[in-house]
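J.: Have a look at this one.
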Amino acid sequence: MAAPATSNRHFECDVVVIGGCGHVGLPLAIAFADRGAQVVIYDVSEPAVESVNAGRLPFDEPGAAPLFERAVASGRLRASADPAVVGLAEHVIVVIGTPVDEHLNPNQTAIPRALSACTPYLRNGQLLVLRSTVFPGVTALVEKMIAALGVQIEVAFCPERIAEGKAMTELFELPQIVSARSPEGLERASALFGRLTDSIVALTPEEAELAKLFTNVWRYIKFAAANQFYMMANDRGLDFERIRKGLTTDYPRAADMPGAGFAAGPCLFKDTMQLAAFNNNNFTLGHTAMTINEGLPLYLVHRLEQRFDLSSMTVGILGMAFKGGSDDIRSSLSYKLKRVLEFKADTVLCADPYVTVDDSLLPQDEVIAKSDLLTIAAPHPEYRGPGFDKLLLDKPVADIWNVLGRGVRV
Ligand SMILES: NC(=O)c1ccc[n+]([C@@H]2O[C@H](COP(=O)([O-])OP(=O)(O)OC[C@H]3O[C@@H](n4cnc5c(N)ncnc54)[C@H](O)[C@@H]3O)[C@@H](O)[C@H]2O)c1
């Protein structure tokens, strides 16, 4: 069993999470608080801090609400926009966003810059854990930065590997990769994450940085392979889903072949670009995966154009989140699909049962009623089953996710 948390007597709190109001930081903060730790969040987003302190989750994460409400009500979890709280905790975990810029360049200084606002509050005896997905070498850079400050702080890199929507189970179930330069740092990081899981995997910081990037890029490349197969089959009038079902049936070596679909969101694409930049942009496989996955909305519209006179049609997009069952629209390819369709179709209307941050979305019934053609762009569970199928009123539907179970031919 994972050990219960106990406060170190030199510190008021066990854990501070820098960037702890985000999609990764908040579930982590909740998980530690649920295991009895005293947790404080430092986040620059004042609205998100306010929301957490008021006991409102700033975004939807399945299974988080009861644990979150309990943690806030018991006083084990609170948030602040004041970096001084960084000095309160024995363990300082950094999980700010690490996006690539508009030219696909990683920002190697994002974490050091975020930390520099906190340096006046760093204290001897703390363990600094980098949890964001970082450009390889950032851990060493932070180690140097800490050494230059002259404080006795161990640095660890312990990457987050949860998938959004599964955080509250995966945080307790996935093996935790931990890495640190010194045996003491490694021991302390292992003890910290031992509060969440019994399965700890130790690597060096350089191995762990690549392990995290390889994990995401591997997934992105697998999705690209499936999407390429989909386009090949579709161009020949064949249904990729029938082929995939056929080849995976009782054939374990191909069981992990994904279906077609938009490979989007805030991680896979940008981490593939981070790895490419790390390898001096010499990453043909990663760049090809990017052109395939990012090209899928364009391919879809191109195929629809061949079948329909889009210029005279209203096209409805159902599902604007980047994945099924999520309210997160970051780097969603549904929006790329929307942009391309807006150029080609007479009118484009969009709906999503989860997304609350886009005022242009219309009620689903209205989108269905007004559209001549529908596309399902996110595989929300609500779209599955005969009840939803009936709502579509026999209108033509492009369904690359096969949520309707009628195949994926477009
Ligand atoms: N989203 C995922 O599913 C996922 C999974 C595994 C790993 N990751 C990695 O985790 C990291 C965080 O991703 P996310 O999706 O949670 O991002 P996010 O944008 O949802 O959250 C980041 C949080 O950090 C805060 N922040 C930004 N700059 C700050 C600063 N200087 N000081 C304090 N707070 C600051 C933001 O206000 C925000 O609340 C990224 O490196 C990402 O690659 C994400």
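J.: Taking Lys390 as the anchor, which aspartates and glutamates have their alpha carbon closer than 19 Å to its alpha carbon, excluding any fewer than eight residues away along the same chain?
T.: Partners found: Asp352, Asp365, Glu366, Asp372, Glu382, Asp399.
J.: Still on this model: Please report the relative contact order for the range 191-298, taking Cα pairs under 8 Å with a sequence separation of at least 6, and give it as a percent rounded to a whole number.
T.: Dividing the mean separation by the residue count of the range 191-298 yields 33 percent.
J.: Run through the range 20-77 and list the trypsin sites (Lys or Arg not before Pro) located in a DSSP loop whose Cβ has at most 11 other Cβ atoms within 10 Å.
T.: Filter output for the range 20-77: empty list.
J.: Could you derive backbone 3J(HN,Hα) for the range 319-327 from the dihedral phi with the Karplus parameters 6.51, -1.76 and 1.60 (θ = phi - 60°), listing whole Hz in sequence and x where the residue is Gly or Pro?
T.: Taking θ as phi minus 60°, the curve returns x, 10, 6, 7, 8, x, x, 10, 9 Hz for the range 319-327.
J.: Helix 25-34 versus the longest principal axis of the chain: what angle, 0 to 90°, nearest 10, using Cα atoms?
T.: Between helix and principal axis, roughly 60 degrees.
J.: Tell me, what is the per residue accessible area of the range 262-334 in Å², probe radius 1.4 Å?
T.: Normalised by residue count, the accessible surface of the range 262-334 is 37 Å².
J.: Just tell me which aspartates and glutamates come within less than 17 Å, Cα to Cα, of Lys144; anything on the same chain fewer than 8 places away is out.
T.: Here the aspartates and glutamates satisfying the reach criterion relative to Lys144 are Glu154, Glu206, Glu209.
J.: A further question follows. Per residue Cα convex hull volume for the range 260-402, in cubic angstrom?
T.: About 109 Å³ per residue, rounded to a whole number.
J.: Which value, in debye to the nearest 20, gives the size of the charge dipole of the chain about its Cα centre, when Lys and Arg are +1 and Asp and Glu are -1 at the Cβ?
T.: I would put it at about 700 debye.
J.: For the range 320-378, how big is the tail of P(r) above 17 Å, as a whole percent of Cα pairs?
T.: In whole percent, the long-distance tail amounts to 34.
J.: About the Cα centre, and with charges only on the beta carbon of Lys, Arg (+1) and Asp, Glu (-1), how big is the dipole of the range 124-253? Nearest 20 debye, please.
T.: It works out to roughly 380 debye.
J.: Please give the contour-minus-distance gain from Thr347 to Leu298: 0.36 nm per residue of separation, less the Cα-Cα distance, rounded to one decimal in nm.
T.: Gain in length upon complete extension: 15.9 nm.
J.: If you line up the long axis of helix 138-149 against the longest principal axis of the chain, both from Cα atoms, how many degrees apart are they, to the nearest 10?
T.: So the helix axis and the longest Cα principal axis differ by about 30 degrees.
J.: How big is the chain by the Kirkwood estimate over distinct Cα pairs, in Å?
T.: Value: 22.8 Å, from the Cα pair sum.
J.: Suppose only helical runs count, i.e. DSSP H with n ≥ 4. What mean residue ellipticity at 222 nm does that imply for the chain under -39500 (n - 2.57) per run, divided by all residues and rounded to the nearest 500 deg cm²/dmol?
T.: The per-residue figure over the chain is -12500 deg cm²/dmol.
J.: Given the range 87-242, what percent of its DSSP beta bridges are antiparallel, to the nearest 5?
T.: Just about 10 percent of them are antiparallel.
J.: Taking the simple approach of a point 7 Å from Cα along Cα-to-Cβ for both Ala191 and Thr169, what is their distance in nm?
T.: 3.2
J.: How large a share of the accessible area of the range 283-410, in percent, is made up of carbon and sulfur atoms when the probe is 1.4 Å and the other protein chains stay in place?
T.: 53
J.: Calculate the dipole size of the range 28-68 relative to its Cα centre from +1 charges on Lys and Arg beta carbons and -1 charges on Asp and Glu beta carbons; express the result in debye to the nearest 20.
T.: I would put it at about 160 debye.
J.: For Thr119 and Gln306, calculate 0.36 nm times their separation in residues minus their Cα-Cα distance, and state this gained length in nm to one decimal.
T.: Residue separation times 0.36 nm, minus the Cα-Cα distance, leaves 61.5 nm.
J.: Continuing with this model, one more query. Determine the relative contact order of the range 16-76: mean sequence separation of Cα pairs under 8 Å and six or more apart, normalised by residue count, in whole percent.
T.: 37
J.: Also: Starting from the Cα of His287, step 7 Å along the direction of its Cβ; do the same at Arg253; then give the gap between the two resulting points in nm.
T.: Going by the 7 Å Cα→Cβ label model, 3.2 nm.
J.: Moving on. Taking 0.36 nm per intervening residue step and subtracting the Cα-Cα distance, what contour gain separates Lys370 from Leu391 on full extension?
T.: Extending this stretch completely gives an extra 6.3 nm.
J.: On a straight-distance basis, which lysines could pair with Lys222 in a cross-link, Cα separation under 29 angstrom, same-chain partners fewer than 8 positions away excluded?
T.: In chain and number order, the partners are Lys166, Lys212, Lys245, Lys270, Lys323, Lys336, Lys338.
J.: Same structure again: In percent, what relative contact order does the chain have, based on Cα pairs under 8 Å that are 6 or more apart in sequence?
T.: Dividing the mean separation by the residue count of the chain yields 12 percent.
The values are calculated or read from the model by the stated rules, or taken from the named source; none is laboratory data. Bear in mind that the values here come from a model prediction, so they are computed numbers and not experimental data. All Cβ positions, even for glycine, are placed from backbone atoms using ideal geometry, and neighbour counts span all protein chains on display. The accessibility values were calculated without ligands, DNA or RNA, using every heavy atom of the protein model including side chains. Shrake-Rupley method; radii C 1.70, N 1.55, O 1.52, S 1.80 Å.
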